[in-house]
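This report concerns only the one structure given below.
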Amino acid sequence: MSDIMPLVVIIVAAALIFDFLNGFHDAANTIATIVVTKTLTPLQAVILAGASNFIGYFLFGTAVAKTIGQGVVDISGTTQPLILILAALSGATVWNLATWLLGLPTSSSHALIGGLVGSAVTAIGIKAILIKGVLKIFFFIFLAPIFGGVGAFLVTALVLMIVRPFHPSRINPVFKYLQLVSSFFSSVGHGTNDAQKSMGIIALTLYAAGLTGSFHLQPWIIIACYSAISLGTMFGGWRIVRTMGTQITKIRAIEGFCSGTAAASVLFFATHFGIPVSTTHVISGSIMGVGAVEHAGKVRWITARKIVWAWFLTIPLTALCAALIYLLYSAIF
């Protein structure tokens, strides 16, 4: 047992680093609009987002963590389950860092899933993939941004119809405050859905190492993961703020409120049903939906196409990266 403890500690540390980078990478998703509309300063925005991330701990269960830990791959067919998990985390982390440097708002969630699939297939074979769980997740790669976009389109159309009789000078201050509410709930949804992914990885690690008798989320795992993602969010990712807040469509306070409301609704729905969706995808889709209400030409489709390509490429490229890292780790350990 003592022989594997250093590796367990490394994996837990890697999972928390991934969680921190998830917050760092995805902070922009929930705060971009309130920064760009000057509702809050960048510092105020990241503090709001970081604190909101942690609140999800008190509102939702752990269904997403169970999906990640038990519903993506079956690691029982390998004699090196810890190496498999570490390679999956490493591949996802490398992808997150690469896309952050490029300023692309890709999905940390799907990077982790791609990492698990790539390392498991390399270690065990195709039989390691739990088809039902992966298909459900893959299905929502397409549905999540669509739900976000359609929801934002409908909310924006309704809100514009309601405020039409009023002069912009009267409604803009109101929506600056309402935007804070929608961003708060988006951040709660982000923390709740995304922090649970690292929880699932750590619980799976402890079970694979024989340190627990079953897949179990101990309180320290939950607190550590929420703390890591909240700290990462507070450090923020300003390259991606620029892409999300300025290069998809022009955002005002009213559009920020509408996109945040739609995104938060989708995130809460997915978390309730244990679906590990991408906060990035949902909020990107909602911003596109907002921009398309008045005129589709307001959406900068060149930027949108780059984001969509990143959505499609995340899982296969992260799987390839994790597979190569697994081969490297197998030769070392």
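Here, each number is a calculation from the coordinates, and none is a lab measurement. The structure displayed is predicted, hence computed values, not measured ones. In this analysis, Cβ positions are derived from the backbone assuming ideal geometry, glycine residues included, and neighbour counts consider all displayed protein chains.
Worth pointing out:
- Taking region 61-83 and a reference point 7 angstrom along Cα→Cβ of K127, the backbone N atoms nearer than 11 Å belong to 77-78.
- Footprinting exposure proxy for D74, D19, D3 (fewest neighbouring C-beta atoms within 10 Å first): D3, D74, D19
- Which of I17, I131, I75, I275 has the fewest Cβ neighbours within 10 Å, and the rest in rising order: I131, I17, I275, I75
- Cβ-based exposure ranking for V277, V159, V181, in which fewest neighbours within 10 Å come first: V181, V159, V277
- Length released on extending from K38 to H216, taking residue separation times 0.36 nm less the Cα-Cα span: 59.8 nm
- Average Cα contact separation per residue, region 5-332, under 8 Å, 6 or more apart, as relative contact order %: 39
- Alpha-carbon spread of the chain, three principal axes, descending order, Å: 70, 35, 32
- Karplus-derived HN-Hα couplings along region 183-190 (A = 6.51, B = -1.76, C = 1.60, θ = phi - 60°), whole Hz, x at Gly and Pro: 5, 4, 5, 4, 5, 4, x, 4
- On full extension, the segment bounded by F273 and V181 gains 30.8 nm, given 0.36 nm per residue less the C-alpha separation.
- Estimated vicinal HN-Hα couplings, Hz - region 267-272 in sequence order (Karplus 6.51, -1.76, 1.60; Gly, Pro = x): 5, 5, 4, 5, 5, 4
- Relative to the current alpha-carbon distance between R170 and A13, full extension at 0.36 nm per residue lengthens the span by 51.5 nm.
- Couplings 3J(HN,Hα) of region 117-123, computed from phi: 5, x, 6, 5, 5, 5, 7 Hz, in residue order, whole Hz [Karplus 6.51 cos²θ - 1.76 cosθ + 1.60, θ = phi - 60°; x for Gly and Pro].
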